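A.B. asks: Provided herewith is a single structure, encoded as C-alpha cells, for subsequent inquiry.
The values are calculated or read from the model by the stated rules, or taken from the named source; none is laboratory data. Everything numeric here is computed off the predicted structure, so don't read it as measured data. A quick note on method: Cβ atoms are made from the backbone with ideal geometry, for glycine too, and the neighbour counts reach across all protein chains shown. Note: areas computed on protein heavy atoms with side chains; ligands, DNA, RNA excluded. Shrake-Rupley method; radii C 1.70, N 1.55, O 1.52, S 1.80 Å.
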Amino acid sequence: MSWHPQYRSSKFRHVYGKAASKDKCYDCVPITRNVHDNHFCAVNPSFIAVVTECAGGGAFLVIPIKQTGKLDPHYPKVCGHKGNVLDIKWNPFNDFVIASCSEDATVKIWDIPNQLLKRNITTPKKELLGHARRVGLIEWHPTADNILFSSGYDYKIMIWNLDVEDAVLSNPVKILDAHKDVVLSMSFNTNGSLLATACRDRKIRVIDPRAGTVLQEGSYKSHKVNKVLFLGNMKKLFSTGTSWWNNRQIALWDQNDLSVPLLEEDLDGSSGLLFPIYDSDTHMLYVVGKGDGNIRYYEISPEKPYLSYLMEYRSHLPQKGIGMMPKRGLDVAACEIFRFYKLIPTKSLIEPISMIVPRRSESYQEDIYPLTAAAQPALTAQEWLNGIDKGPLLVSLKPGSEAVHSLPQFLEPEPVLKTTDLSQQQGEEGEMSLGYKKILRESELSRKRLKLEEKLPKNEQMCLSNGFDISECPPPKTESELLQMYYRQQEEIRRLRELVNQRDVQIKQLELELRNLCIDTGSY
C-alpha cells in the first residue's frame, strides 16, 4: 500500500524535508555510543540536550538552541549520574527543567540556568530513588504539572509527584506492577488519562495509571512490538516492531480492541528500530529508522484506509537518535510544520531537518497551524491525582498571539437568556455586584455583534476586522488580497467567539460565588 499510494486531496501531500546548512548544525558533539533504544536527544525552544560519552558515570550536554557551529571540546556537562544516562526529557511546561534517568537506578531533575553554562552541573534539583534496577524510560504527564512517570528494568512503572519540597524522593505516589518483563515504550493519550505500553513479552497494554488497572491487553503472533504510540484523540494506537521474518513492521490498533490489528504492513528488511512520532495538530505520522537516514511520513484518517503514505525523506547519513522541536519553536514564516534534530555519531554532528509545506504566500498560513498545546499546565499534580482530567491548554502559533484557550470541563456555557434572567432576579434582591453587571453587558454586546455578523448577507456584513474598517480600504484586486481579507475576517469572528466563551465562564463562576454567598448568609 505504502509504495503505490493513490494520490488524494491533502494539504500535506507535498511536504518535503529540508536539512539545515552546515553552519546551522551542531558540530563536534560527542554523541553517546550506548546501544539502548532511545532518542538520546531532547529539544525545546531554548535548549537542545543530548546524551554524551563520559568516562566514569553518565552525562549529557545542554546547548542553547541558537549556539550552532562547532562545540568547544571543554563545554560543561550535566553530570551527576554514576551510570550511563539512558533517557532525557524536558519538562513540557518549563524550558529550564529537565529529567534524566540512568543505569544507576535513579531519576534526577535538573535546573538549567538561563545563561551560558560555565562549569559542570553536578547537583540535581531532585533525586528520585525507587527503582531496584536501571531506569530506561521517563515521561512527563502531558497536561498535569510536575507529574513524572519512570520505567525500570525491575518491570515497574512509578508515578512521581514533584510538587513536594523534598530534594530526595523515595516513595512514588503510585507503582504500576502489571508487566512481567521490561517495558520498551510508554505513551499517553491527549489528556493523560490513559497510558499505553509496549513490553518485551510482545504485549501491548492500555492502562489507567491512577487506578493501576489494565483496561486492554493484546498481542499478535506475527507482530513483535517495540514501540507504541497513542494517535491523539483518534482512539487508535500505532506500533512498530518486527515480523516473523525479522522485517521491520508497522501496525495500527483500535485502543478498545487489541486482539487483531486494523492494519499491518512490512516496510523493509533492515535491522534498526523504528521510532514512531505523531503530530496531533496535522494528523501526520513520522516513522524514523534507527541506523538508516530515512524518515517516512504518513497522514492518519479516522476512516479506512486509516494510513496514507505521503513521502520519504532520505539521507545517506544514518541516525542513532532523534529530537523533536515542540510546535511553539517552529518557524511559521517558512511554513515549517515539524523539525527533527538528527544525531549522527559517525560525524559527531546534530543536523536539524525541517518538514516544510510548500506555499507561495508569505503570510501566516492558518490552515496548516491549528491551535496547539501551550507551555502551561491544565492541571496541578494534586488535581490529576484526585481524578480530574483535562485536555491541554491551546495557543495559536500566529505571531503576536498570546491568548490561551481552554474551558474548564465542569463549566458548560449556558444560553444568555438564563444568565440574564438570573441576574435580574438577583438584582431585585440587591445581591449583584457592579462587576457582574458589567461582564453581563459586555457578553451580551459581544453575542449580539457576533449574531449580527452571521445573520447579515455578505454585502451588508459589519466590516470591522482587526481594528480597522474594511469599507474604507480599496476593494481587493487580486486573489491574494482577497484571501488576506477573508482570513482577517475569520480571525475577527474567531476572536469574538473566544471572547464570548470567556465571558460565559466568568459569568458561571460569579453565579457560583453568589450562590455560595447566599448559602453562607442563609446559614447564619
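A.B. asks: Could you give me the ³J(HN,Hα) list for region 150-160, computed from phi with Karplus coefficients 6.51, -1.76, 1.60 and θ = phi - 60°, whole Hz, x at Gly and Pro?
C.D. replies: Karplus values, whole Hz, x for Gly and Pro: 10, 10, x, 7, 8, 6, 10, 10, 10, 10, 10.
A.B. asks: A follow-up question, please. Any idea how far apart L496 and E312 come out in nm if each label point goes 7 Å out from Cα toward Cβ?
C.D. replies: 5.0
A.B. asks: Just the number, please: Stokes-Einstein D of region 16-372 in µm²/s, Kirkwood Rh from C-alpha pairs, 37 °C, 0.692 mPa s. Working shown, then result.
C.D. replies: On the way: Rh = 20.8 Å.
It diffuses with D of about 158 µm²/s by this estimate.
A.B. asks: Pull out a ≥ b ≥ c, the square roots of the eigenvalues of the alpha-carbon gyration tensor of region 173-237, then state rounded if a/c is under 1.5, prolate if not and a/b is larger than b/c, and oblate in the remaining case.
C.D. replies: Judged from the Cα gyration tensor, region 173-237 comes out oblate (a/c at least 1.5, b/c at or above a/b).
A.B. asks: Let me ask another. Around G69, what is the net charge, scoring Lys/Arg as +1 and Asp/Glu as -1 over all other residues with Cβ under 15 Å from its Cβ? Spell out each step's value before the answer.
C.D. replies: Working: positive: K22, K24, K66, K70, K347; negative: D23, D27, D72, E351.
Neighbourhood net charge equals +1.
A.B. asks: Still on this model: Mind giving me the FRET efficiency for S219 and R488? R0 is 51 Å, r the Cβ-Cβ distance, nearest 0.05 is fine.
C.D. replies: Here the calculated transfer efficiency is 0.45.
A.B. asks: Still on this structure, please answer the following. Among T346, V85, H283, pick out the residue whose Cα is farthest towards the positive end of the charge dipole of region 16-372, where Lys and Arg carry +1 and Asp and Glu carry -1 on C-beta, about the Cα centre.
C.D. replies: Final value for the positive-end residue is T346.
A.B. asks: Using modelled backbone amide H atoms (1.01 Å from N, in-plane), which distant-in-sequence or interchain residues come within less than 5 Å of C28's amide H?
C.D. replies: Result for C28 returns L71.
A.B. asks: Per residue of region 138-148, what does 6.51 cos²θ - 1.76 cosθ + 1.60 with θ = phi - 60° give for ³J(HN,Hα)? Whole Hz please, x for Gly and Pro, Karplus curve as stated.
C.D. replies: 9, 8, 7, 5, x, 10, 9, 6, 6, 10, 10
A.B. asks: Separate question: Kindly state, to the nearest 0.05, the FRET efficiency for L116 paired with K70, given R0 = 22 Å and r defined as their beta-carbon distance. Walk me through the numbers on the way to the answer.
C.D. replies: Details: r = 15 Å, r/R0 = 0.69.
After rounding, the FRET efficiency stands at 0.90.
A.B. asks: Report the calculated FRET efficiency for A334 and L517 (r = Cβ-Cβ distance, R0 = 41 Å), to the nearest 0.05.
C.D. replies: Working: r = 53 Å, r/R0 = 1.30.
About 0.15, to the nearest 0.05.
A.B. asks: By how many nm would the segment from V35 to R359 lengthen if fully extended, with 0.36 nm per residue of separation less the alpha-carbon distance?
C.D. replies: Once the chain is fully extended between V35 and R359, it gains 112.6 nm.
A.B. asks: Quick one: 3J(HN,Hα) in Hz for region 292-302, Karplus 6.51/-1.76/1.60 with θ = phi - 60°, rounded, Gly and Pro as x.
C.D. replies: Karplus values, whole Hz, x for Gly and Pro: 10, x, 9, 10, 8, 9, 10, 10, 9, 10, x.
A.B. asks: What is region 16-372's relative contact order, in percent, from Cα pairs under 8 angstrom and six or more apart in sequence?
C.D. replies: Dividing the mean separation by the residue count of region 16-372 yields 13 percent.
A.B. asks: Next up: Semi-axes, largest first, in whole Å: what does sqrt of 5 times each Cα gyration tensor eigenvalue give for region 213-329? Let's see the in-between values first.
C.D. replies: Working: eigenvalues 98, 70, 33 Å².
Here the semi-axes work out to 22, 19, 13 Å.
A.B. asks: Extending each Cα 7 Å along its Cβ direction at K304 and S401, get the distance between those two points in nm, one decimal.
C.D. replies: Roughly 3.7 nm, to one decimal.
A.B. asks: For A59, list long-range residues whose amide hydrogen, built 1.01 Å from N in the peptide plane, is under 5 Å from its own amide hydrogen.
C.D. replies: Amide H neighbours of A59: T52, V85.
A.B. asks: Still on this structure, please answer the following. Quick query: amide H of G321 versus all other amide H atoms, modeled in the peptide plane; which residues come in under 5 Å with a sequence gap of 5 or more or a different chain?
C.D. replies: L343
A.B. asks: Let me ask you something else. For region 16-372, build the charge dipole from Cβ charges (+1 Lys, Arg; -1 Asp, Glu) around the Cα centre, then report which of P302, P45, N256 sits farthest towards its positive end.
C.D. replies: P45
A.B. asks: Another one. If you average the alpha carbon positions of region 183-199 and of region 240-279, how far apart do those two centres end up, in angstrom?
C.D. replies: One Cα centre to the other: 16 Å.
A.B. asks: Report the label-to-label distance for N247 and I175 in nanometres (one decimal), using points 7 Å from each Cα along the Cα→Cβ vector.
C.D. replies: Inter-label distance under the simple model: 4.3 nm.
A.B. asks: Given a 1.4 Å probe, how much area per residue of region 16-372 is accessible, in Å²?
C.D. replies: That works out to 40 Å² for each residue.
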